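Notes to accompany the following structure.
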Amino acid sequence: MNAVWLACAALLAFYVGWRWYSRFIAERIYRLDHDYVTPAHRYRDGVDFVPTRKWVLWGHHFTSVAGAAPIVGPAIAMYWGWGPAIAWVVLGTIFAAGVHDFGALVLSVRNKGQSIGTLAHRLVGRRAKLLFLFIILILILMVNAVFAWVIANLFINNPASVLPVILQIPIAIWFGYTVIRRNRPMLVPSLVALAVMYGTAILTTRVGWLQIDLVSWFGGAGATTALFALDATSAAFLVWIVVLLAYVYVASTLPVWKLLQPRDYINAQQLLFGLLILYGGLLVIRPEVTAPLYNAGADPSWFPLLFITIACGAISGFHGLVASGTSSKQLDRETDARAVGYLGALGEGTLALITIIAVSTFFATQADFLAGYASFAQAGSASLGYFVGGAAQLAGGLGIPADVAATLVALIIVCFAATTLDSAVRLLRYIIGELGIEYRVPALTRRHVATSLAVGFTALLVILPDGGRGFGSGGYLLWPLFGTSNQLLAGITLMLISLWLVRQGRNPLPTLVPMVFLLAMTVWAMSAQVIFSWSGLGDAPPEWLLFVLGSAILGFALWILLEAVRLLASPTARAARAAAGDAAGADRAPGDEGDAGPQDAPGRRP
């Protein structure tokens, strides 16, 4: 089968989802109001609450939620064949991710830009908020620790990508002052930024002395350094991790317009350019799909593991954290939420799609594919390399040399991972601040105190434990919890959106249906992991840390779910829905939030 037809069918489905389904959600379900005064205007402080042009904010949101996950997850899920992977990416993006990201953004905007954790308090109760924050803290710490390791690893294995990534920082600052601060046109500065970054990437690929190769500087692999008597590779990891954590400390405390927004916008332009290269190469070389439609010999089965393996690229709870944590504080007009939330999810789905196509066309024969994906463990360790190889093949269709293409792909992954790391540290700062308010510890609400704790906890998790992948891989100790925790968070976020819709007298089915499906798959998968994989009751030896934390997260999620079911089934909730005038097809005026206090009255733009 020719891969072009796969791409065309999936992209057409994405277009239909954007053109009609997202409009239905915007107009009939969330009922966006162009004149609603968003938190970015109401609480404007020049640091976190900053009204932002729609496409600049889309760039921030898109790159913050993407990271490396929409590449890694689909590449691993190819173990079960391209059929299940494509089906979940397309259907999950249109009917779950788009609604989830869009809804989390709108819900936060209608509640003073508050995070999902605080909204759990308002919609379900104080206990739900504390349980929710516990899950979020573990999830963000895992993301921070693992992404720091991923970036350091890519810097070590792709030294040609280091200088372009470093150059992106002054370019982004210049872009922020030139375009965002002074409100000037974006086209020329965007093109200049892309030309400098990609030009540098090509130059560093071909000019060895421009490559920042710390392992070689420390004497080469296997050499012992004076840096804590570490070998050269471990010393390089330590240096890069310290540099990264110092960078995210500064980046996450600066006003968003100075670095976060412009860098994310540049990264979004960079990814769009990269996608054009990959899809353009696909049209030129028209490769055949050599991966099987379905791998009948796969063990374990794809059901339900597929739905936690492909998270970003279909639906991910981390997206709700970004939407309610940073994006909602920058939304200029409420009607921009459709492009930022739903189209951001479609952008990630487009990246996941080309990942599947790159891997499915990389191998010469189906036998080669089955040898490369001989086991699920092998898929987990080698799939990223298969994507890089497949992407280089596609880029070669436009005449781009393989080594340059590999540098460009590494550049995209590093920039996206760094964006996610920066946003995640900022989110962790917000959550620590919320805990400070909850437990009346004013020091935790201070920006630098909360950021120091966020970076410090991340550093401890990265450096101290052994995650099984060498020095600096401590985050991987908890990484088996990520897929299920992340998807539980997405399901609970959909539950909160559904509760809000019910209280507003609106149709909750567009969020209830994906919520029920996602929670069923995730609880099933997590229960199997906790009971059979980590407890020692199955064939695998016990993993007590994962068992304890996994049991706690599962128990907390079920507790929150039961609280929400009780509220949904209560006479008060039913009465609120009936009073909304469903029979007459009437709706409250946008902004008349039944569960908001007097201090939350939305107002109107003058």
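Read-outs throughout are calculated quantities, based only on the coordinates presented, and are distinct from any laboratory measurement. Just so it is clear, the structure is predicted and the values come from calculations on it, not from any experiment. Every residue, glycine as well, gets a Cβ built from its backbone with ideal geometry; the counts of neighbours run over all protein chains shown.
Here are the numbers for the structure shown:
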read-out	value
Ordering of 555-562, 295-302, 57-64 by packing [mean C-beta count within 10 Å, highest first]	57-64, 555-562, 295-302
All-pairs Cα distance distribution in the range 75-207, expressed in whole percent, bin size 10 Å	10, 18, 26, 35, 11, 1
For the range 250-298, the Rg and Dmax computed from alpha carbons only, in angstrom	19.0, 52
Farthest positive-ward along the range 3-578 dipole, Cα basis, beta-carbon charges - from 219, 199, 266	266
Relative exposure of 272, 499, judged by other C-beta atoms within 10 Å (fewest first)	272, 499
Selection from 540, 100, 281, by position along the positive dipole direction of the range 3-578 (Cβ)	100
Local electrostatic count at residue 256 - Lys and Arg +1, Asp and Glu -1, tallied over other residues with Cβ under 11 Å	0
Local net charge near residue 396, Cβ-Cβ under 14 Å (Lys/Arg +1, Asp/Glu -1)	0
The chain, dipole about Cα centre (Lys/Arg Cβ +1, Asp/Glu Cβ -1), debye to the nearest 20	1860
Distance cut-off 45 Å, percentage of C-alpha pairs in the chain lying past it	12
Two-site label geometry, residue 157 and residue 403: point separation in nm, points 7 Å out along Cα→Cβ	1.9
Centroid-to-centroid separation of the range 262-278 and the range 362-392 [C-alpha atoms, Å]	26
The range 174-276: Cα Rg divided by the 2.2 N^0.38 Å rule of thumb	1.39
Order by protection proxy (mean Cβ within 10 Å, highest first), peptides 39-52, 217-230	39-52, 217-230
Mean separation of Cα contacts under 8 Å, 6 or more apart, over the residue count of the chain: relative contact order %	28
Dipole-positive endmost among 150, 130, 177 within the range 106-202 (Cβ charges, Cα centre)	130
Where only alpha carbons of the range 7-155 are counted, the Rg and the Dmax (Å)	18.0, 49
Electrostatic dipole magnitude of the range 18-111 [Cβ: Lys, Arg +1; Asp, Glu -1; Cα centre; debye, to 20]	220
Theoretical FRET efficiency, 1/(1+(r/R0)^6), r = Cβ-Cβ of residue 569 and residue 466, R0 41 Å, to 0.05	0.30
Order of 156, 140 - criterion: other Cβ atoms within 10 Å of each residue's Cβ, fewest first	156, 140
